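In what follows, a single structure is set out as structure tokens and then discussed.
Quick note: the coordinates plus some simple rules give every number you see, no bench work behind them. For clarity, every value in this text was computed on a predicted model and none was experimentally measured. All Cβ positions, even for glycine, are placed from backbone atoms using ideal geometry, and neighbour counts span all protein chains on display.
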Amino acid sequence: MIGMIAIEHAGYIYGSYVLTFAVVGAYAWRAIRQGRRLGDQVDDADKYWT
């Protein structure tokens, strides 16, 4: 009986994983893109990390 419940809800579980990875990936992509854009606004002399 436990196996049947797991199979019935497998779509929800896999869907949740896909949605979670998509949201985290989109957030990381946006953060990196915004960081690069802000880094372009800083003079090269002020970039102590390079």
(request) May I ask for the angle, rounded to the nearest 10°, between helix 10-40 and the longest principal axis of the chain, with both axes built from Cα atoms and the value confined to 0 to 90°? (result) 0
(message) At 0.36 nm per residue, and after removing the present C-alpha to C-alpha distance, how many nm does the segment from residue 21 to residue 42 gain when stretched out fully?
(response) 4.4 nm
(request) Within the chain, what's the longest run with no chymotrypsin sites (Phe, Trp or Tyr not before Pro) in a DSSP loop and at most 12 other beta-carbon atoms within 10 Å? Give the range, please. (result) 1-47
